[in-house]
Amino acid sequence: LTVPELEFEIEAGTQKAQLTTVEGIMSSASKNLQTHQEERRKQYPEVAAKIDAFCEKLDKCARAEMAFTLEVSDPSGNSYIESYEQDLAKDEHLSVSYFERTKEQSKAMGMKVEEEDDGQPPPEISPDDPYHGPNSRGIVAPGAAVARGQEGEVAKLMGKYTAPEEVMTFPGSCHACGADAETRMFFTHL
């Protein structure tokens, strides 16, 4: 969250998630900056004066006495600013733009990010591996079958409840060995 006119920024992860207003964000920032201001005035009067002046600007923004731009960049997509206008296109004070997350943003959110393909084939799997052997269930490598053992039965069950084009694929990793894997999921009606 940034306010360019004030050169003010609240970095991601420094605040707890909350439901608030623009006024609440500005007022809260001012209040937090004023913490220990009395001690600061005694020890560092010049710094305290600058903080007081900055807090006054934040308070003016909170009271809508000063024009400012609030920029919210949320790679998770969980932020929302509500307009007073029913039709967002009519609100000349609100501009919304969408973007694709970068790999760095995805990693910072804890998401698994596919690394560049190094051209190496997937590792060879031993037939007696309890997690990846011929009688196991699960994914061995991207593009592998949904189940390694009794594939005919699995295919029959899948066809009973859904069409193949409805199978969703999620990247992940094997809980046993950490190898890249895919989780395939489909909806059923019970």
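The values are calculated or read from the model by the stated rules, or taken from the named source; none is laboratory data. No experiment lies behind these values; they were computed from the predicted model shown. Methodologically, a virtual Cβ is constructed for each residue, glycine included, from the backbone with ideal geometry; neighbour enumeration extends over all protein chains shown. Note: accessible area is taken over every heavy atom of the protein model, side chains too, but ligands, DNA and RNA are not part of it. Shrake-Rupley method; radii C 1.70, N 1.55, O 1.52, S 1.80 Å.
Points to keep in mind about this one:
- Carbon/sulfur fraction of accessible area - the stretch 17-78, other protein chains in place, 1.4 Å, %: 52
- Where the Cα pairs of the stretch 1-90 fall when distances are cut into 5 Å bins, in %: 3, 11, 20, 22, 19, 13, 6, 3, 2, 1, 0
- Among 18-26, 75-83, sorting by the average number of other beta carbon atoms lying within 10 angstrom of each residue, highest first, gives 18-26, 75-83.
- Where a label projected 7 Å from the Cα of N78 along Cα→Cβ would reach, residues of the stretch 17-35 with amide N under 14 Å: 17-20
- Look at where the Cα atoms of the stretch 59-92 and of the stretch 1-56 average out, and the two centres are 19 Å apart.
- Largest-first ordering by accessible area, 1.4 Å probe, given options F8, F54: F54, F8
- Anisotropy class of the stretch 54-113 from Cα gyration tensor, a/c 1.5 cut: oblate
- Per residue, the accessible area of the stretch 1-103 comes to 81 Å², computed with a 1.4 Å probe over protein heavy atoms only.
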